[in-house]
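First comes the structure, then the notes that go with it.
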Amino acid sequence: MTFGEQPAYLRVAGDLRKKIVDGSLPPHTRLPSQARIREEYGVSDTVALEARKVLMAEGLVEGRSGSGTYVRERPVPRRVARSGFRPPHGATPFRQEQADGETRGTWESRSEQAEAGVAVAERLGIRPGDRVMCTRYLYRDAGEAMMLSTSWEPLAVTGRTPVMLPEEGPLGGMGVVERMAAIDVVVDNVTEEVGARPGLAEELLALGGVPGHVVLVIQRTYYASGRPVETADVVIPADRYRVSYHLPVK
């Protein structure tokens, strides 16, 4: 293979991808069979199979048991708006993760005490094994699962306070900024790092995705005078949503 030349299976996948994108193979159309691909492109069964695997990994097609492989409906991506800080009053966990005021969503959550693992401890500036409150959220927009979040708060900050449990007590269901303010912890900075990876099986099951789908992961940490007081991993299906940032200019 010369420099710059694609393997045969990628060339076949690329041509089929083009047909899907331009509508020649519309949604719900059966993908050409392995034998048809072999004959049309003059390739081996192995190349035809690998090309189909590529399209499946990209989320463009899906297999249906006993029926074949079909082109998937391509959702129109919706927006998840991010804007760093949230207002100190009236924030909710949903508004904390979705700043678009026109989007009205709901959330489910569960909290439990846990020991900080190495990665979480590093993000919170504590020691591995220190106690944290771990809260897992599932967010919905118009009933559709749109986002997952797992947050960790050091119990050295919130333990034995009215806000130890994020969803209970006088400020249950409020955002991090307002909850921390209630115990005289003033959040003054937030950082977010965005990456992408294949979704875990349990994530895709909760979000209604297909194995192999890519998710966006936002690693967010709130700070008070340089001290991390909450960190979270926010998981968003990349095929259905785009993350849009609106940052103030000072």
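All other residues with a Cβ under 15 Å from the Cβ of V43 taken together, and with Lys, Arg as +1 and Asp, Glu as -1, what is their net charge? List each step's numbers first, then the result.
Details: positive: R11, R36, R38, R52, K53; negative: E5, D15, E39, E40, D45, E50.
Result for the local shell: -1.
Are there trypsin sites (Lys or Arg not before Pro) in region 28-134 that DSSP puts in a loop and that have at most 15 other Cβ atoms within 10 Å, and which ones? Can you show the working numbers first?
On the way: sites: R30, R36, R38, R52, K53, R64, R72, R78, R79, R82, R95, R104, R110, R123, R131; in loops: R72, R104.
Passing both the DSSP loop test and the Cβ count: R104.
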Eigenvalues of the Cα gyration tensor times 5, then square-rooted: what semi-axes does that give for region 22-136, in whole angstrom, largest first?
46, 23, 13
Taking amide H positions as placed 1.01 Å from N in the peptide plane, with prolines and chain starts having none, which residues 5 or more places from L25, or on another chain, fall under 5 Å of its amide H?
I20
Any residue on another chain or 5+ positions along whose placed amide H is under 5 Å from the amide H of V80 is listed here as R242, V243, S244
Of (i) 20.6; (ii) 19.8; (iii) 18.2, the label for Kirkwood radius over Cα pairs in Å derived from the coordinates:
(i)
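Antiparallel as a % of all DSSP beta bridges within the chain, to the nearest 5? Write out the running numbers ahead of the final one.
On the way: 51 of 56 bridges.
Restricted to the chain, the bridges split so that about 90 percent are antiparallel.
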Pairing the Cα long axis of helix 8-21 with the longest principal axis of the chain, what angle in degrees results, from 0 to 90 and rounded to the nearest 10?
70 degrees
For the chain, whose charge dipole is built from +1 on Lys and Arg Cβ atoms and -1 on Asp and Glu Cβ atoms, the candidate among A119, A99, W152 with its Cα farthest towards the positive end is A99
Please report the projected area of region 11-81's Cα convex hull averaged over all directions, in nm².
5.5 nm²
In region 47-140, the GluC sites (Glu not before Pro) that sit in a DSSP loop and have at most 11 other Cβ atoms within 10 Å of their own Cβ are E73, E102
Measuring from the lowest to the highest alpha carbon on each principal axis, how far does region 112-250 reach, largest first, in angstroms?
42, 39, 29
Have a look at S33, S44, S65 and tell me which one the Gaussian network model of the chain (Cα, springs below 10 Å) gives the largest fluctuation.
S65
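Please give me, ordered by residue number, the chymotrypsin sites (Phe, Trp or Tyr not before Pro) of region 1-74 that lie in loop per DSSP and have at most 10 other Cβ atoms within 10 Å. Write down the numbers at each step before the final one.
Details: sites: F3, Y9, Y41, Y70; in loops: F3.
Those satisfying the criteria are F3.
Throughout, read-outs are computed from the coordinates displayed, never taken from laboratory work. Computed from a prediction, not measured in an experiment: that's the story for all the values here. We place every Cβ from the backbone using ideal geometry, glycine too, and count neighbours over all the protein chains shown.
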